[in-house]
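What follows is calculated from the coordinates using simple rules that are stated; it is not laboratory data. Since we're looking at a predicted model, the values are computed, not measured. Positions of Cβ are backbone-derived with ideal geometry, glycine not excepted, and every protein chain shown enters the neighbour counts.
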Amino acid sequence: MEALVCTQDWLKGKAIHLFSEEDLDEIHRLEKVRIAAYLKRAVSYCNGLPLALEVIGSQLFGKSLAVWKSSLDKYERVLRKDIHKILKVSYDDLEEDEKGIFLDIACFFNSYEISYVKEILYLHGFHAEDGIQVLTDKSLMKIDTNGCVRMHELIQEMGREIVRQESTLEPGRCSRLWELIQLKVIIADLRKDRKVKWCEKAFGQMKNLKILIIRNAQFSNGPQILPNSLSVLDWSGYPSSFLPYEFNPKNLAILNLSKSHLKWFQSLKVFQMLNFLDFEGCKFLTKVPSLSRVPNLGALCLDYCTNLIRIHDSVGFLDRLVLLSVQGCTRLESLVPYINLPSLETLDLRGCSRPESFPEVQGVMKNIKDVYLDQTDLYQLPFTIGNLVGLQRTVVEDFDHLKKMKKK
């Protein structure tokens, strides 16, 4: 449909079928003349934009002719050329929770992976599953075949305009960017890799900040202060070699410092709620300290930490860990000596060329599905490999150095 936006001939004929195929079969014994008249009105109001026709169609789907007339009368009161106002009708029909989800996606999360978006929305206090379903049903967004959120640029711009209109004279007071003491969400995606000069204590006043996401920016230096109120810290290219000493976020659920300058971090003593830990591409990181006090950790990604040498033994005993990936860690001497990870589903050791043996499996692991051993120099699998009872697939392409395999 998007490719036909400027094809007026399409609108004159086939556009009617968008309604006909989805609605006429559902509405029995109605006067065809009245229906046709309403359909022509709807097509006319869409002003050459099939996307608007899809939105209006989803609003009228399955409704009575009385509702059709009422809705079309409402559309008629707005300028046909102002498609933002036409699309906004569907926004106005949303519940408050759904409006919040729509504005967050329009302002921040278009093209992001849906699983990540749901996690962020949940942490933001929204009922993500139901809200996203409503937005999809109303054609305000879609989920593509890659599992990413897709919102048409006109709908996205309509959402951003709603936010801008909240405070045109003082943008800092808009709901997606409040004054510092009230600020709850900061998402800075500069699209181009830009250098940023700033004050290292800038976050000191943001006592209520919950979500901090920074992408595509080169900061002159790292933060001296990070708010302990954070539930999401997603800072690709984090500029400092360490986290602030007094950073103790008890509610932090997502910590993503991929491609950062991080060299080390202290044992995570207060990160009880941490679920997702991503240090992918941290080329200065040499070791991972104890994670024994991170009981809820579900994913640990250390891919392409090319100077990583050691991982603390505690990583082998995280009860809720689902994903453990150390792909491309070419200097890693060994994973851990022992593992007992009852929730683990995926273990990825691809490209780890130094470890010579697989960890001893101390407990039965029923949930393991995939183990990736491509381009490794393992020469021995332990007898306890038989404890991986749920294993469905082991990938060993380019695996030339396996000399001995022991099976239970």
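Quick notes
- Here the scattering of segment 288-396 is modelled by Debye summation over its C-alpha atoms, one equal scatterer each and no solvent; at q = 0.17, 0.20, 0.21 Å⁻¹ the log10 of I(q)/I(0) is -0.73, -1.06, -1.18.
- Extended-chain gain in nm, criterion 0.36 nm per residue less alpha-carbon gap, residue 186 and residue 293: 35.7 nm
- Computed 3J(HN,Hα) for segment 348-355, one whole-Hz value per residue from the Karplus formula 6.51 cos²θ - 1.76 cosθ + 1.60 where θ = phi - 60°, is 10, 10, 4, x, 8, 8, 8, x, glycine and proline marked x.
- Projected over every direction and averaged, the convex hull enclosing the alpha-carbon atoms of segment 96-164 yields 4.1 nm².
- Across 263/287; 40/74; 142/210; 118/366; 118/207; 118/263, pairs whose alpha-carbon gap is larger than 20 Å: 142/210; 118/366; 118/207; 118/263
- Here the spin labels are modelled as points 7 Å beyond Cα on the Cα-Cβ line, and at residue 396 and residue 157 they lie 5.7 nm apart.
- Above-threshold pairs, the threshold being 19 Å between Cα atoms, out of 32/63; 250/283; 259/283; 32/85: 250/283; 32/85
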